[in-house]
Amino acid sequence: MKNDSVEITTICPDVENSQFVVQSNYPETIPEILKSQNAVTNGSGTACQQRSLPRIKILGTGGTIASKAVNSSQTAGYHVDLTIQDLLDAIPDISKVCDIEYEQLCNVDSKDINQDILYKIYRGVSESLQTFDGIVITHGTDTLSETAFFIESTIDAGDVPIVFVGSMRPSTSVSADGPMNLYQAICIASNPKSRGRSVLVSLNDQISSGYYITKTNANSLDSFNVRQGYLGNFVNNEIHYYYPPVKPQGCHKFKLRVDGENFKLPEVCILYAHQAFPPAIVNLVADKYDGIVLATMGAGSLPDEVNETCMKLALPIVYSKRSMDGMVPIANVPKSGPNDGYLIASGYLSPEKSRILLQLCLAGNYTLEEIKHVFTGVYGG
Ligand SMILES: NC(=O)C[C@H](N)C(=O)O
């Protein structure tokens with residue numbers, strides 16, 4: 001469990017009080033730099049006040065949004081092939097909305113996002129926060145929610161919106177969704193109403209919370225869902241938020257301190273439970289990993305023999321769930337074995353988000369009590 005290359009501490013050193021402060025008031029004053037979006041125009045259409053547009057940084061990582069197929073009806077088996085410049089060439093003129101700079105961090109399908117790339121994205125966002133008013137990250141949808149969760153858990157963005165965007169159809173397809181999604185993401189990142197909302201996801205006209213949202217459909221344009229997810233809607237160049245600026249309740253912030261380029265988080269694997277799930281599988285991975293996440297069959301349910309095996313092991317095991325929605329409460333985690341103190345309820349977090357949260361806790365050398373406390377932020381623990 002010891003990790004020499006990355007030290008993680010909580011931004012708030014007091015684990016007890018490290019939850020986000022919920023900001024419930026819409027900012028009353030619009031910063032000078034964003035006033036151009038509200039500027040009135042004179043008769044000739046020229047802005048009456050000097051233009052001062054928000055500065056938006058786009059970080060490109062790849063995904064279907066940057067992919068090409070061989071013909072316009074092909075929507076599977078395509079390849080990443082476009083740069084951010086290509087993507088920007090395909091959207092309507094945005095020069096009256098914001099000033100854009102961009103950086104291509106990598107260009108891969110999101111199945112290939114590994115810890116090195118995750119760290120590149122983390123660094124790209126951290127550095128951009130100093131000088132930009134909004135950040136847009138183009139990303140494949142398959143693992144977008146994992147990167148969004150990681151960034152939400154490790155970066156305190158203040159008021160700067162960080163907007164993840166992808167697409168479900170390649171750029172070459174009839175009715176490709178990428179250009180509209182990217183256009184909307186840039187507008188969302190530029191808009192004062194998005195300030196103080198932290199990590200957002202823009203897809204298919206919906207604005208969602210990067211902390212909770214999950215890809216729930218492998219094919220359709222309306223791919224991102226879950227009950228805690230939706231925050232707003234984008235319609236005909238209007239952005240409609242349902243609530244004032246708010247950040248996820250109970251999101252624990254970790255501060256990464258990385259030794260040089262050597263970024264390595266502890267290894268946590270996910271096991272997917274099913275009827276006749278053999279306890280031997282848990283033993284098989286226990287020696288090789290620093291922690292395990294179980295996608296249990298319901299709200300924490302596993303065969304008795306599997307629970308007994310887990311309670312004999314001395315490593316953190318998070319009980320999460322196969323079901324896309326719902327949660328695993330503490331009451332459903334077994335408490336009758338020698339090492340039952342190592343078992344943790346995931347609350348509302350999916351297995352893949354639970355994995356990242358456990359990795360961050362382990363990298364920070366959190367005690368079991370502290371790990372459980374972090375999971376209470378999502379009503380587990
Ligand atoms: N729609 C997508 O972006 C899927 C793609 N395989 C990716 O995650 O990169």
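The values are calculated or read from the model by the stated rules, or taken from the named source; none is laboratory data. Please read all numbers here as calculations on a predicted model, not as lab measurements. Here the Cβ positions follow ideal geometry from the backbone for every residue, glycine too, while neighbour counts run over all protein chains shown. Accessible surface is based on the protein model in full, side chains and every heavy atom, while ligands, DNA and RNA are left aside. Shrake-Rupley method; radii C 1.70, N 1.55, O 1.52, S 1.80 Å.
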- Got a sec? What order do Ser167, Ser220 fall in by accessible area at 1.4 Å, biggest, i.e. largest, first? Ser220, Ser167
- Calculated from DSSP helices alone, with each H run of at least 4 adding -39500 (n - 2.57) and the total divided by the residues of the chain, [θ]222 nm to the nearest 500 comes to -6500 deg cm²/dmol
- So between Gln275 and Leu221, what do we pick up on full extension, going 0.36 nm a residue minus the alpha carbon distance? 16.2 nm
- Between Gln74 and Asp325, what FRET efficiency comes out of the Förster formula 1/(1 + (r/R0)^6) with R0 = 30 Å and r the beta carbon distance, rounded to 0.05? 0.40
- Query: Within the chain, which is the longest segment containing none of the GluC sites (Glu not before Pro) that sit in a DSSP loop and have at most 10 other Cβ atoms within 10 Å?
  - Reply: 29-260
- Query: Given 0.36 nm per residue, what is the gain on full extension from Thr131 to Ala299 after removing their alpha carbon distance, in nm?
  - Reply: 56.1 nm
- Given Lys253/Lys321; Lys193/Lys372; Lys68/Lys321; Lys120/Lys321; Lys247/Lys312, which pairs have Cα atoms separated by over 28 Å? Lys193/Lys372; Lys68/Lys321; Lys120/Lys321; Lys247/Lys312
- Message: Rounded, prolate or oblate for region 265-376? Axes are the square roots of the Cα gyration tensor eigenvalues, ordered a ≥ b ≥ c, and the cut-off for rounded is a/c under 1.5.
- Response: rounded
- Task: Mind ranking Asp81, Asp290 by accessible surface for me, highest first, 1.4 Å probe?
- Result: Asp81, Asp290
- Work out which trypsin sites (Lys or Arg not before Pro) in the chain are exposed loop sites (DSSP not H, G, I, E or B, at most 12 other Cβ within 10 Å) and give the longest gap free of them. 97-226
- Query: Please state the Cα pair-distance histogram of the chain with 10 angstrom bins from zero: what percent is in each bin?
  - Reply: 5, 23, 31, 24, 12, 4, 1, 0
- Solvent-accessible surface (1.4 angstrom probe) belonging to Ile151, in square angstrom, nearest 10: 0
- Query: Of the accessible area of region 20-241, with the probe set at 1.4 angstrom, what percent is carbon plus sulfur?
  - Reply: 47
